[in-house]
Structures are given as structure tokens and as C-alpha cells.
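Below you'll find the structure, written out as C-alpha cells, and then a few comments.
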2 protein chains.
Amino acid sequence: MRSTIITAALAQAATAAIQPRNFIYIIPDGMAPASQTLARAYEAMVDGEATPQQPLIGAIPIDQLPVGNVRSHSANNLVTDSAAAGTALAAGFKTNNGMIGITPAEEPVGTVLEAAKMAGMKTGLVVTSTINHATPAAFSAHTINRNGLAFISEQQVGYSHPLNQSVDVLLGGGACYFKPSSDPDSCREDDIDLIRHAELSGYYVTQDRQSFTALQQGQNISLPYLGLFSSDSDLAYEIDRQQQPEADREPSLTEMTELALQALTRETTCTGLNCTATPGYFIMIEASRIDHSSHAHDGAAHLHDVLEYNRVVDLVKSWIDEHPDTVMMSVADHETGGLTLPSRWDPRPLAGANHSVDYLQSAMEAYTGDSAADYAADLAQAYGISNADSAALAQSESFAQDLADLLNAQSGLAWSTGGHTGVDVTLYAYAAGEMRDELVRDLAGSHDNVELPRLVEKYLKLDMDKVTRRLREDVSWLQ
Amino acid sequence: MRSTIITAALAQAATAAIQPRNFIYIIPDGMAPASQTLARAYEAMVDGEATPQQPLIGAIPIDQLPVGNVRSHSANNLVTDSAAAGTALAAGFKTNNGMIGITPAEEPVGTVLEAAKMAGMKTGLVVTSTINHATPAAFSAHTINRNGLAFISEQQVGYSHPLNQSVDVLLGGGACYFKPSSDPDSCREDDIDLIRHAELSGYYVTQDRQSFTALQQGQNISLPYLGLFSSDSDLAYEIDRQQQPEADREPSLTEMTELALQALTRETTCTGLNCTATPGYFIMIEASRIDHSSHAHDGAAHLHDVLEYNRVVDLVKSWIDEHPDTVMMSVADHETGGLTLPSRWDPRPLAGANHSVDYLQSAMEAYTGDSAADYAADLAQAYGISNADSAALAQSESFAQDLADLLNAQSGLAWSTGGHTGVDVTLYAYAAGEMRDELVRDLAGSHDNVELPRLVEKYLKLDMDKVTRRLREDVSWLQ
């Protein structure tokens, strides 16, 4: 059988007439093809009238957008991690698991975000993990080890990056990595104060709902923005976020996305005569925690983060309809958990859960009273489980997993692994009007993940190789 | 969130300029999205130089063709069976699991194959199951119960079908259903001789390699053809077929497809002046046994049936390049087995298997000697397993499953269910030249399975409703 790299479809893009000014790249980290089926059926049955025996199922926002699929293996493993996958999706190079923005030979490679910045465009990263986590890191940093989170933060705000400040919107979690060790909320081992550095570089820094609201309302607050809405952890799962007190509630991915699009559009749209010369923007938005919920086999947290990803896609589609010089592409970096939906699966039991199993386990661990079994029963109830053996649950050393297993038994969701899988992920894309036809023509088919940023490069007329040359001029900054 | 049936993409097709004469519909029964990843990696590692630690992976034939995905639920279940899915794909109606070519209210509905026949086109069904199995049955028969195999056969050769003979090429297994009970090879309970009926209706009947070869070489043998290459069973798994003695070897799906395309093209291509008036053909090709291998969790049999499906797709692509008035669409009716590929999966151990577990279990059951453990060890070896506990294996009551589990442990393939799943399946399509662009534009996105035959209907300018009215004129023929 013939076994050749097929690049015909993407090669066509080189001569395509499609010329968007702005590119929105959305990564639902770890999302399974099965997640799309799950979210659709949930919507039809919990918000709609369908049942498993009468599945009158409509469509969710991502349903308009599949155009193909994407292979995700890394340079050294059939099953990638988010660092190698992020590097492939951001820079177009296969690298080893764990590496960020460098080749297996440890040479830095330029990313589409950096190339956009070098071309004078505005750039953004909006995520629900810590902002220095593997995927956003792969667009904005270069390091041999994805765990060098303090070092990655330095690059992200231009403290130690050859291009200096290259990201105009940074919204996510992980404030502690930006604070000097003298700060009680720091998780750095040195005295570098990246918050201060950012402020001096002109960043508007926001770390709570109040200042985020000010930013939402502050049409005259100019870029760049640095928003860090958690200390050392990821932002909350969407299912938990919805239960936070409104006054202190973390921004949702949809809220952060809308804020970023408004600011990026405002600052790349001139009102004078010379508008065609104004560069546009590039933004990467990550629904980061779909992956985490899959590692935990937490069907309820998974569902709500997938639904939130769909709300982001819906917002972006509407945005593109109103701003047709903008193109969207979305793809998971890999699949996590091996989710499948066997006979007699039923999404309805997921509706009973109000919290993630991670959240509930933390609550159980923090409990100091003398009615542990009752408390465990309450927590199980908050996960939609009414028939748990609460005495056993209170004593369990795997409280979170036990809860997850109970709900999986009720909903029939089947997970095959606690890690990632190698299955192809679904490629989604959207553009308005005739540009959609060209985008679909270019993207239909199966692609290697390294092909995707090259497409962005062509559409936006960027030069990633130029960034690579710049990064390699002097590599003393690289760890 | 908005939850509406999205038909925009397919509605566009109504006004599309695309006007193929011929349509090739390929159904890889039960194929998982993961099967595409598996087959691709196997090709790169067993036929190529790649390893899991250096996965330099190219592409397989189907990799050029993904354009979207398809929802598969039936009228009464989130997880469909092949009868309801076949009815959706053939006739555009949701029905209950188990039903063939009728609505849940038990009213018959016309299929694209029947509509093609009514429009004067030639038609074909080429499968590796028995020819009266659910999927081919759904294109050519109507019955409340997919298990009424004898009745389905009668309809397929026009013995009891309102349109009389509607299928010009019938190639698959299941000869016993066509023979009267007086025949020792019959599995009918009546004296209806469908072979005789077919011959009297003009069918060329072939039941072995010798007459199949005559047909391959007999350029002047005209349609219709009835080829039945097994008695009461499906055709062999591809992995087993390859070990059959050459003189008696069953035709492969690729061989049957090529024969069918040659004959259908020959008889729908006039050599005179009035060629534009010659109707074309519609053919459904099913890689039937991918599903069976998934039920059995038999990774090796699965792989080789998926590779054979890829060879069929490769043949069809070449055929379309040479006959650009032809369009191909391919989609699984559902996913089976919940196959996933977790960390450390490795396709290479599959290369050691020369037989399916079903075949080897039959061999074990037939063994009457006094060295059962040695024989079990030999059979395990034929499945690529050298370290089996052969004494335990010889005594096992689940010999096939034990073998499958051993190879799955070596290759790391993970299956989550012995049945079907509800996950979306991948939609593949191909056309030549500019027609590809239009096809991709029409098919990109997520579709309900009932939308697909309507697209065929529009492309070929057929009228399925007309067939439906005809079928309902007098339903005394319907069981």
C-alpha cells in the first residue's frame, strides 16, 4: 500500500485567495471525538425533550465545523503530551514529549504567535490552566522542560525573551509564578517580580473579578493585559466556577475570550484613512481543563468544560460573522482518557452533579468534624450520587475516583485509560461567506499536526523561519 | 445554548452544480475513528521503518478523505444497530433497532438503490458478510426483523420485491439462503429456489473462485450477477482469506469491487452518439467484518479488514480519477468495540498474527488428538503469541477471547465494550477535479446519518419518495 505524506490539500493553500487579517486558534486540550457526541446528547436530553429511547438530537455549536482530522504523535512517542503537541501546533515541528518550542536537538523554533508579533500584529493567549502550562507555553516560550514554569513565565511577559514582550493578552491562572519569593503567594525560588516587570512594561494587571469587570467596562484601557485569576493552580473547572460567589467568581473562558477579542479588534482597527495597512491579531484560546477532567474520569466536569468550549466557539462564530476578515481553526492537541459511549449510555445522570470530584475530594480532606460519613453522603449528593456507601466513601483513599466511578456507572461513560491516547482528533474550522469555502477546501482531509501552523502562516503572510533565525542568534537566554 | 438541527451545509447541495453520473457508497461497518490511526501506524512500522519511539508516519488511502463526522443514533436508541443505521444511510429515515427499510410505524421507505433502479440506472451491492445481512439488506429489502434472512434474500433477487429485480450486482456470502430446503446446503425452511429464480431472471450465478475468475475474464458476460462465496456464514476475515489455498480462495472485497465497477461501467457507457442519455450506476460496498472483529476484540483481524477497506478506497480513488463522472462517499454505520490507543500502544505485535481468533477457536474445537496443549500452543503461535500458558489455553472455555486478550496486552489496544458505541463516525468523500471542491463544501460538518442518502438523491437526481409511494401501493408482500 502507498504510504506517503499527503500534503496536497494544504499545498493548495499556498495559492489560495483567502487573506484574513485575524486568526483565532482554539485548542480544547485532550478533547475526544466522543466528547462532541456526549455534549450534543446532553443538550438534547437535559435542556431539551429527548430521551435515550427517543433521541431527537439537534446540534451544538461545534457541529457545523468539522472538516477533517489530525494526527497527534510526537517525535519520540506514538502518544504525545501537551508540550510536544503544543510545539507542533504552534511552531510546526515535531519534538519530544516534555519539550516546549524547541526541536529534539534542543534548538528553538519560532511560533505563529511570535511571527505575528514580529509582523506588527497584536497577540493573545487565553486559557483556563495556569498561563505557563504546556499549551500556552508552546506558543510563547522555549525550554527543554515544560515543568520550568517560573522560567516560562519570564518569557511570556518579555522578561527573558529575545523578542521582548510578544504577548499582548495573557489571561489564565498561575499568579504565584509571577511573584518574587519574598511574596507569601509566590512559588518562585528567586526574587524576580514579573508582575512589577509587566506593569513597568505597560501591562494592565488584573487578578480578581473586580478589576476584570473594570477591564470589561474600561473601553479606554489599552493593551497589553496580564490577567491571573488563580495563585498556583489552574482556574476552576467550569462546573465548580458556576458555584463560586458571584462577587469573587473567576472569569469564564467565554468572558475572557470576549474581552480579548474586543481589545484586540479595537487596537487593530484604525478609524483613519490608512486602514488596509493596520495589522490584525492572532489569538490562541485553550479550553485547558477538558484534559484534566478526562485524566480524572470525571464525566460531569468534562461535560461542563466541553459545553463551555462550545459557548466559546459559538461566540467566536458570531464574532466572525460580524468581522468576516477573521478565520477560526480548532483542534485538540490529543485525546485523553479514551472516552467511549457504549450501549445503554445515558447523559442524564450527569445533570445531578454540581461539582467536580477534585473539588469534592478537597472538601472531604478538609473536613474535621465527627460526622464524616454524613459529610461524605452530602458530597456524593453534590455529585449526583444518592446511593453511595457513605461510611466506606468517608474512609476511602481514592475518594475522587470512587465518586467518578459511581457516576460513570450510572451514565455508562467508559474510559479506557488514565492517560492520553494516540487516536486522531477532530479538526474544526470556520470562516464567513466565501472564505468558508476556501478554508474548507484547504483543510478537508487528515493532517499531521505540524501542518496546521504553516497554514496560519500562509493565511496571515507570516514568517516563522525569520523568528527561528532571530531566536538562534544568541541562545544564552535559553534554559 | 442553541440546539437546532443544522442542515445549512447540505441544503447548499440542492443548488450545487455537481452532477455525477455514478455514485459509490462505501460502508466500513463498525469502524472506529481509532482504526484509521491504528492502520496508519501499522503501515509505517511494519511495512515502513518507523517505531513507536520514532514515529515517522505517512498516510494511508483514507487519510485524504475525511470531511466531517456523522451521528448514528437510531429512532429508539442512542446506540444504533446495523439495521437501523443501514435504513438511515440507505433511505434517510430513522427507524428502530432491528428494522430494515421501514419506519417505526412499519411502513416501507424507498432507498437510494431502489430509486437509482427506478431511474434506469444499474445498481450493485458488494459485501463481505452474507449478502442478506443488515447493511446490504437495508438498501434492497424491507422487513420488520433483520433476522428474516430468507425473506430478505427473496427481495434481493426480485422474487418478492415490488420493483422486481432491483440489484444488478449481488456479491457476498450466504448461498444457503438462496437454496430450497431440499438442498443439503440450504438454510431455508421452504422450497423456494432463489438460485434457480435468479438464473431464470438472467443472473450469472457464481459460487466459487473458478467461476469468479471466469467472470473477471468474461468481458462479454452481461449483468446481472449473483455471487455467493460462502454457505451460511460471512466471507472469511481478510487475515484468514489470505491463508486459503489459492485455487479455492474467496474473492477479496477489492476483487469483487473491481469486477463490479468494470461491469457497471461497461453497461452504463454507450459507445454511440447519444451517450449523455445513458444512466449511470449506484453501488454500495460494505467492509462488513470490521464490525465483527471489533465485537471479538480481535485486533489482528480488525487491522487486516481495515487495511482491505483502505485498498478498496485506493482502488475507488484511482477509478474516479479515470472516471471523473463518479463520486464516492464513505462512512461507518456506527462504531463497535470502543477501540482506543492509550500510552505505550504498539501496532507491531499484530504483525505476528496469521489468523483470526474465530478461526483458531474453530480449529481448537475441532481438535481430537491427545496433545491438546501442544496444539493450543501452535494455534497461539499462529496468532503471534509465543508465551501462552498452553495447558490452560487448551482447557479454556473462552479460547478466542483469551487469545484476543493476550495480543491486546502485547499491542496495548484497549476496547471498552463488546457491543456498539454511540460516538460519531468519520465521514469520508472523494471526487476528481473541481467536483471535489463542491463535494467537500457540501459535506464538511457534522451530519445526521439520515441526511446522507438525500445528498445522493440530489446528486443523481433520484426520487426516493416515488419509490416509497410504489412500495406502499400494496403492502401484502411485506412481512
Meets criteria (more than 14 Å from the chain's Cα centre (by Cα) and open to solvent by less than 20 Å² (accessible area, probe 1.4 Å)) for residue A:269: no
Residues satisfying the stated conditions in the stretch A:342-378, i.e. under 30 Å from residue B:336 (Cα atoms) and of a type in the set (A, V, I, L, M, F, W, C): A:345, A:350, A:351, A:353, A:357
Quick check on my filter: what residues within the stretch A:73-83 are open to solvent by less than 10 Å² (accessible area, probe 1.4 Å), in contact with a Gly (Cβ under 7 Å, 6 or more places away or on another chain) and more than 7 Å from chain B (Cβ to nearest Cβ)? A:83
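Listed here are the residues, each with its yes/no results for (1) in contact with a strand residue (DSSP E or B) (Cβ under 7 Å, 6 or more places away or on another chain); (2) within 24 Å of residue B:448 (Cα to Cα).
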{"residue": "B:301", "(1), (2)": "no, no"}
{"residue": "B:309", "(1), (2)": "yes, yes"}
{"residue": "B:312", "(1), (2)": "yes, no"}
{"residue": "B:328", "(1), (2)": "yes, yes"}
{"residue": "B:336", "(1), (2)": "yes, yes"}
{"residue": "B:353", "(1), (2)": "no, no"}
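Restricted to the stretch A:431-451, and to residues that are part of a strand (DSSP E or B) and more than 7 Å from chain B (Cβ to nearest Cβ), which residue is nearest to residue B:436 (Cα to Cα)?
Filtering first and then ranking leaves A:447.
Considering only the stretch A:439-463, state which residues are open to solvent by 10 Å² or more (accessible area, probe 1.4 Å) and more than 16 Å from residue A:22 (Cβ to Cβ). Give the steps one after another, and end with the answer.
At the first step, the residues of the stretch A:439-463 found to be open to solvent by 10 Å² or more (accessible area, probe 1.4 Å) are A:441, A:448, A:450-451, A:454, A:457-458, A:460-463.
Scanning the stretch A:439-463 gives A:441, A:448, A:450, A:451, A:454, A:463.
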Here the residues within the stretch B:85-105 that are touching a Lys or Arg at 6+ places or on another chain (Cβ under 8 Å), closer than 17 Å to residue B:286 by Cα and touching a residue at least 60 places away in the same chain (Cβ under 8 Å) are B:88
State whether the residues of the stretch B:410-430 include one that is assigned to a helix (DSSP H, G or I), open to solvent by 30 Å² or more (accessible area, probe 1.4 Å) and closer than 26 Å to residue B:83 by Cα. no
So residue B:53 ticks every box in (1) within 7 Å of chain A (Cβ to nearest Cβ); (2) open to solvent by less than 10 Å² (accessible area, probe 1.4 Å) but one. Which box is left unticked? (2)
Take residue B:139 and decide whether it is of a type in the set (Phe, Trp, Tyr) and open to solvent by 10 Å² or more (accessible area, probe 1.4 Å). no
With the checklist (1) at pLDDT 95 or above; (2) under 30 Å from residue A:51 (Cβ atoms); (3) not in a helix (DSSP H, G or I) in hand, flag the one item residue B:454 doesn't pass. (3)
Only listed residue being basic (Lys, Arg) and under 23 Å from the mean Cα position of the chain (by Cα), chosen from A:188, A:209: A:209
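Mind telling me which of the residues B:238, B:199 ends up being in the same structural domain as residue B:255 (by TED's automatic domain parsing) and within 28 Å of residue B:309 (Cβ to Cβ)?
Details: B:199 fails: within 28 Å of residue B:309 (Cβ to Cβ).
One residue alone meets the criteria, B:238.
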Could you run through the stretch A:303-338 and say how many residues are in a helix (DSSP H, G or I), more than 11 Å from chain B (Cβ to nearest Cβ) and of a type in the set (Ser, Thr, Tyr)? 1
Assess whether residue A:311 counts as being open to solvent by 30 Å² or more (accessible area, probe 1.4 Å), farther than 30 Å from residue A:460 by Cα and not β-branched (Val, Ile, Thr). no
Would you confirm, using the coordinates I've provided, whether residue B:286 is in contact with an Asp or Glu (Cβ under 9 Å, 6 or more places away or on another chain), within 16 Å of residue B:227 (Cα to Cα) and buried (at least 16 other Cβ atoms within 10 Å of the Cβ)? yes
Condition test on residue B:333, is it open to solvent by less than 10 Å² (accessible area, probe 1.4 Å), over 30 Å from residue B:49 (Cβ atoms) and either modelled with pLDDT of 95 or more or over 19 Å from the mean Cα position of the chain (by Cα) (or both)? yes
Of A:252, A:231, the only residue that is in contact with an Asp or Glu (Cβ under 8 Å, 6 or more places away or on another chain) and modelled with pLDDT under 95 is A:231
Among (1) under 26 Å from residue B:305 (Cα atoms); (2) away from chain A (no Cβ under 14 Å); (3) open to solvent by 10 Å² or more (accessible area, probe 1.4 Å), where does residue B:89 come up short? (3)
Residue A:450 being over 28 Å from residue A:321 (Cβ atoms), over 23 Å from the mean Cα position of the chain (by Cα), assigned by TED's automatic domain parsing to the domain that holds residue A:306 and not charged (D, E, K, R): no
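Evaluate the following for residue A:208: is it over 30 Å from residue A:311 (Cβ atoms) and modelled with pLDDT of 95 or more?
On the way: over 30 Å from residue A:311 (Cβ atoms): no; modelled with pLDDT of 95 or more: yes.
Against the criterion (over 30 Å from residue A:311 (Cβ atoms) and modelled with pLDDT of 95 or more), residue A:208 does not qualify.
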For residue B:236, indicate whether it is surrounded by 19 or more Cβ atoms within 10 Å (Cβ to Cβ), hydrophobic (A, V, I, L, M, F, W, C) and over 26 Å from residue B:475 (Cα atoms). yes
Among the residues listed as A:400, A:373, A:388, the single one being open to solvent by less than 50 Å² (accessible area, probe 1.4 Å), farther than 30 Å from residue A:258 by Cα and modelled with pLDDT under 95: A:388
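Test of understanding: among A:471, A:379, A:407, A:403, which residue is hydrophobic (A, V, I, L, M, F, W, C), away from chain B (no Cβ under 14 Å), in contact with a strand residue (DSSP E or B) (Cβ under 8 Å, 6 or more places away or on another chain) and outside any loop (DSSP other than H, G, I, E, B)? Quick ask: steps written out before the conclusion?
Working: A:379 fails: in contact with a strand residue (DSSP E or B) (Cβ under 8 Å, 6 or more places away or on another chain); A:407 fails: in contact with a strand residue (DSSP E or B) (Cβ under 8 Å, 6 or more places away or on another chain); A:403 fails: in contact with a strand residue (DSSP E or B) (Cβ under 8 Å, 6 or more places away or on another chain).
After ruling out the rest, the residue left standing is A:471.
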From the list B:204, B:225, pick out the single residue that is among the aromatic types (Phe, Trp, Tyr) and open to solvent by 30 Å² or more (accessible area, probe 1.4 Å). B:204
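Limited to the stretch A:105-115, what total is found for residues that are over 18 Å from residue A:451 (Cβ atoms) and crowded, with 17+ Cβ neighbours inside 10 Å? Give the derivation first.
If we filter the stretch A:105-115 for residues that are over 18 Å from residue A:451 (Cβ atoms), which is where we start, we get A:105-108, A:114.
From what's left, crowded, with 17+ Cβ neighbours inside 10 Å: A:108, A:114.
Count: 2.
The values are calculated or read from the model by the stated rules, or taken from the named source; none is laboratory data. Computed from a predicted model, the values in this text were never measured in an experiment. For neighbour counting, all protein chains shown are included, and Cβ atoms are generated from backbone atoms with ideal geometry for every residue, glycine included. These accessible areas exclude ligands, DNA and RNA; they are computed on the full protein's heavy atoms, side chains included. Shrake-Rupley method; radii C 1.70, N 1.55, O 1.52, S 1.80 Å.
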